[in-house]
1. Conditions first: (1) farther than 22 Å from residue 78 by Cβ; (2) at pLDDT below 90. Residue 248 passes all but one, so which condition is the exception?
2. Considering only residues that are of a type in the set (A, V, I, L, M, F, W, C), under 14 Å from the mean Cα position of the chain (by Cα) and open to solvent by 10 Å² or more (accessible area, probe 1.4 Å), which ones fall in the stretch 150-177?
3. Determine, yes or no, whether residue 113 is among the aliphatic types (A, V, I, L, M), modelled with pLDDT of 95 or more and either over 21 Å from residue 249 (Cβ atoms) or more than 17 Å from the chain's Cα centre (by Cα) (or both).
4. Would you mind telling me which numbered condition in (1) in a helix (DSSP H, G or I); (2) touching a residue at least 60 places away in the same chain (Cβ under 8 Å); (3) over 27 Å from residue 251 (Cα atoms); (4) not polar (S, T, N, Q) residue 59 fails?
5. Criterion first (at pLDDT 85 or above and open to solvent by 30 Å² or more (accessible area, probe 1.4 Å)) does residue 32 satisfy it?
6. State whether one or more residues within the stretch 89-97 are at pLDDT 90 or above, open to solvent by 10 Å² or more (accessible area, probe 1.4 Å) and not basic (Lys, Arg).
7. Taking the residues in the stretch 178-204 that are open to solvent by 10 Å² or more (accessible area, probe 1.4 Å), among the aliphatic types (A, V, I, L, M) and at pLDDT 90 or above as candidates, determine which candidate is nearest to residue 45 (Cα to Cα).
8. Going through 240, 190 one at a time, which residue ends up being over 26 Å from residue 12 (Cβ atoms) and either in contact with a Cys (Cβ under 9 Å, 6 or more places away or on another chain) or in a helix (DSSP H, G or I) (or both)?
Amino acid sequence: MPNAKLKHYLQLHFLVFIAGFTAILGELISVGAMDLVWYRMVIASILIFGYMKYKKLGMRLRPKVLLQFVLAGIIIALHWITFFEAINQSNVSITLAMFSTGAFFASFIEPIIYKRRIVWYEIIFGLIVVLGVFLISRGELHYINGMILGVISALLSSLFSVLNGVYIKQYDATIISFYEFISGVLFLSVFMLFKGGFNAQFFQISWMDFLYLFILGSICSAYAFIEAVKVMKYISPYTVILSYNLEPVYGIVLAILLFPETEIMGANFYYGVFLVLGTLILEAILKQRKANKIKR
């Protein structure tokens, strides 16, 4: 049993590393945020649909359940749009740092949806993350638009993560992911049709952009999203969201290595990032002690 639990935690952190790499791809891809998300969700939907057909998974859902997945899919699409636009408005490091506020939002959202009492240390950890964000933002206010978008993205991410934590108790992760992605595609397609987004230029993308988009849609979306939903069978949504605060650490290190001219920040920025990392360690220790007491 302990080995199984360790396996799920290692898998979770591998997914967090992939999430950190997602921001790098967002920096490399030259198309706009909404176009990028549309391509990403289309590629992921096609791949997941092929996998479902191969596994002969049933696709019928009750209308009420389908509506829930549609809502989550729209939230995911908006989350990704704000995330990639935050990168455009600031840089990878700022966006990933703001994304760490997800733990603060999750500490309130999860008790509401799960109808349980708010745990005191979840609020404290969330506030520590906010303090870390304050340190990060000092001296970097010229990136204010990117910061706001990053925080909105974190809120939306926390919301759909907690919702998926509910859905996974009854439905297969692949089914959930497919309907959420295809819902996001339809939502964006309708919006872009009214805005005249589907023009000749929209479909004229370079081969490098297409390669990056395929990696984004396959490894960073179809694979990572299904596995992230699956892991919530064994690890609470709050812990998953808090663990994803390591995404800035992985992503920022990669960004500094790949884009040193734009990604090296001031000292307060890194103090804030280390504060977030310390929060993760404290949270893990506290939860482990609580689990040990229950076993006794």
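The values are calculated or read from the model by the stated rules, or taken from the named source; none is laboratory data. Only a predicted model underlies this, so the values are computations on that prediction, with no experimental measurement involved. We place every Cβ from the backbone using ideal geometry, glycine too, and count neighbours over all the protein chains shown. For the accessible areas, the whole protein counts, side chains as well, though only heavy atoms, and no ligand, DNA or RNA atoms are used. Shrake-Rupley method; radii C 1.70, N 1.55, O 1.52, S 1.80 Å.
1. So the condition that residue 248 fails would be (1).
2. 151, 152, 155, 156, 159, 160, 163
3. Against the criterion (among the aliphatic types (A, V, I, L, M), modelled with pLDDT of 95 or more and either over 21 Å from residue 249 (Cβ atoms) or more than 17 Å from the chain's Cα centre (by Cα) (or both)), residue 113 does not qualify.
4. Tallying (1) in a helix (DSSP H, G or I); (2) touching a residue at least 60 places away in the same chain (Cβ under 8 Å); (3) over 27 Å from residue 251 (Cα atoms); (4) not polar (S, T, N, Q), residue 59 fails exactly one: (1).
5. The answer is yes for residue 32.
6. Yes, the stretch 89-97 has at least one match.
7. 182
8. After applying the criteria, what remains is 190.
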